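The values are calculated or read from the model by the stated rules, or taken from the named source; none is laboratory data. If you're wondering where the values come from, they're calculated on a predicted model, not measured in any experiment. Cβ coordinates were reconstructed from backbone atoms using ideal geometry, including for glycine residues, and neighbour counts include every protein chain displayed.
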Amino acid sequence: MKTFNRVARSLMPAALGLALALALGAGCGDTGQQRVEFPLRAVGNARAASFDAFGWQITLDRAELSFGPLYLCASEGASAELCATARAEVLAAARVDLLAAREREIGIAHGTSGTMRSAMYDFGITWTTTQPVPTVQPSAPGGHSLRFEGRATRGAQRFAFVADVDLLPPARGFRAVQGRRVDATDALDARALVVGFDATAWLSQIDWDALAQLAQDPVVITPDSKAANAIVIAIAASAPPTFRFLGDTP
């Protein structure tokens, strides 16, 4: 009997440890968190191929953008502090045809179940805490966040243009856009996330009269130009990308 008691006492810590582990495991299961994944899709605006901008007819032959990485956060205001661990994320940047009216898959979001309320993302140029300078991703067209090529016409006036635009993270460890609200959606219910881009709204912010006065053909719009800055402001404020979650059909 004494031998049995000694063995029983020696097994008690292990048994208690196993019981505690099982209890903690059950507790985690109660949260309902599950691994999830859903496709990320992009869609442009076919009308951007030819549109009117304050009397100028703008025709685009090329309109491309690099989008990502993307982080979807539980907090209403996404930031490095509030979103240390993303609810779902797409770590690679992908090139998007801004003239495409049909949705196209550009990545897969991986994460865990739970409500997503905000997003932070880059446009093909990242600046993580381990990168000494901003880094251009392979999907960046011509090494920039966006590239446009096309023609502007008004009556007898006509000129071609090439525009390169960069949307840079403001500092190391930050994203180009932080705190973008999205419709509160549980990642478990998301069947896809569609991000929409409207190049028409962005290019309509350019002073085309001023570009015509340059008397160049083509007009080269550089990332540090006033015209490129107008596009950046439009993307950040007046016409940002739209986010639409697709769920189960009732």
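What the table below lists for this structure:
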{"read-out": "Residues located in region 73-98, provided they are modelled with pLDDT of 95 or more and out of contact with any His (no Cβ under 9 Å at 6 or more places or on another chain)", "value": "Ala92, Ala93, Ala94, Arg95, Val96, Asp97, Leu98"}
{"read-out": "Cβ-Cβ under 7 Å pairs, at least 6 apart or on other chains, region 113-139 side within 23 Å of Asp164 (Cβ to Cβ), far side acidic (Asp, Glu) and surrounded by 15 or more Cβ atoms within 10 Å (Cβ to Cβ)", "value": "Ile125/Asp166"}
{"read-out": "Of the criteria (1) crowded, with 17+ Cβ neighbours inside 10 Å; (2) touching a Lys or Arg at 6+ places or on another chain (Cβ under 8 Å), which one Gly247 fails", "value": "(1)"}
{"read-out": "Any pair with Cβ under 9 angstrom, 6 or more apart, that starts in region 51-68 at a residue that is over 20 Å from Asp97 (Cα atoms) and ends at one that is among the acidic types (Asp, Glu)", "value": "Phe54/Asp207; Phe54/Asp209; Gly55/Asp209; Trp56/Asp209"}
{"read-out": "All positions within region 158-176 that are closer than 13 Å to Trp208 by Cα and at pLDDT below 95", "value": "none"}
{"read-out": "Every pair of residues 6+ apart whose Cβ atoms lie under 6 Å, when the first sits in region 36-49 and is surrounded by fewer than 17 Cβ atoms within 10 Å (Cβ to Cβ) while the second is in a helix (DSSP H, G or I)", "value": "Arg47/Thr200"}
{"read-out": "Within region 57-141, strands (runs of 3 or more DSSP E) holding 2 or more residues that are closer than 22 Å to Pro169 by Cα and among the hydroxyl-bearing types (Ser, Thr, Tyr)", "value": "115-121"}
{"read-out": "Criterion: part of a strand (DSSP E or B), of a type outside the set (Ser, Thr, Tyr), surrounded by fewer than 17 Cβ atoms within 10 Å (Cβ to Cβ) and in contact with a Ser or Thr (Cβ under 7 Å, 6 or more places away or on another chain) - qualifying residue of Ala184, Ala160", "value": "Ala184"}
{"read-out": "Some residue of region 220-234 being in contact (Cβ under 8 Å) with a residue 40 or more places away in the chain, over 17 Å from Arg41 (Cα atoms), outside any loop (DSSP other than H, G, I, E, B) and of a type in the set (Ser, Thr, Tyr)", "value": "no"}
{"read-out": "Single residue of Ala109, Ala100, Ala93, Ala86 found to be without any contact (Cβ under 8 Å) to a residue 40 or more places away in the chain, touching a strand residue (DSSP E or B) at 6+ places or on another chain (Cβ under 9 Å) and surrounded by 16 or more Cβ atoms within 10 Å (Cβ to Cβ)", "value": "Ala86"}
